[in-house]
1. Could you work out [θ]222 nm for the chain from helices alone, using -39500 (n - 2.57) per DSSP H run of at least four and dividing by all its residues? Round to the nearest 500 deg cm²/dmol.
2. Going by how many other beta carbons lie within 10 Å of each one, how would you line up Lys45, Lys120, fewest first?
3. Where does each of Glu13, Glu80 land when they are ranked from fewest to most other beta-carbon atoms within 10 angstrom?
4. How high is the FRET efficiency between Glu136 and Arg109 when r is their beta carbon distance and R₀ equals 22 Å, given to the nearest 0.05?
5. Run the dipole for the chain about the Cα centre, Lys and Arg Cβ at +1, Asp and Glu Cβ at -1, nothing else charged, and hand back the magnitude in debye, nearest 20.
6. Considering amide H positions built from the backbone, and no H for Pro or chain starts, which residues 5 or more places from Arg96, or on another chain, come under 5 Å of its amide H?
7. Name the residues whose placed amide hydrogens come within less than 5 Å of the amide hydrogen of Gly44, ignoring near sequence neighbours (fewer than 5 apart) on the same chain.
8. Run the paramagnetic zone check for Ser5: 7 angstrom along Cα to Cβ, then residues of the range 29-57 with backbone nitrogen under 15 Å.
Amino acid sequence: MAQISDRLRQAVEALPLTPGMRVLEIGCGPGVAARAVAARIGDGKVVAIDRSATAIAQAVRGSAAEIASGQLEFRVAAIEDFAPEGEAFDLAYAHRVGALDGRHPEAGRRALQRLKRLLKPGGLLVIDDRPPIRVEDIDA
């Protein structure tokens, strides 16, 4: 399993996580942060997405125990196109994701529209070092 960097560990520790949450990680890469979040939410669930099939394959390889326990699921998807079935998310977070950090404005607009539908009422969106955004405050 990959070691978590100090930067990523601090970012995960700053997330307002509680046991039992349903969490969406956007742009999960090799799954290091997703595993750290899964460890903090007990019987909750993390769904982690990345547009790279290579990154998802690496994340799956490093997360066998979390996947087997049902705590963690990985999917190849871009946030602006992600349309899961089932329960909404309490929290969504992204670290250095182009669609949400201003690098790709059109993808960002579509991503925010999607997130407004994916988050529960009162749900939070956390992007890098910005203050959390309540789903009701997403202007999409």
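Each value in this text was obtained by applying a stated rule to the coordinates, not by laboratory testing. Bear in mind the structure is a predicted one, so any value in this text is a computation, not a measurement. Neighbour counts are summed over all protein chains in view; Cβ atoms, including those assigned to glycine, are modelled from backbone coordinates with ideal geometry.
1. Calculated from helices alone, the mean residue ellipticity at 222 nm is -9500 deg cm²/dmol.
2. Ordered by Cβ neighbours within 10 Å, fewest first: Lys120, Lys45.
3. Glu13, Glu80
4. Between Glu136 and Arg109 the formula returns 0.80.
5. Working: 19 positive and 19 negative charges, 29 e Å.
I would put it at about 140 debye.
6. Asp128
7. Gly20, Met21
8. Under cut-off, by backbone N: 29-34.
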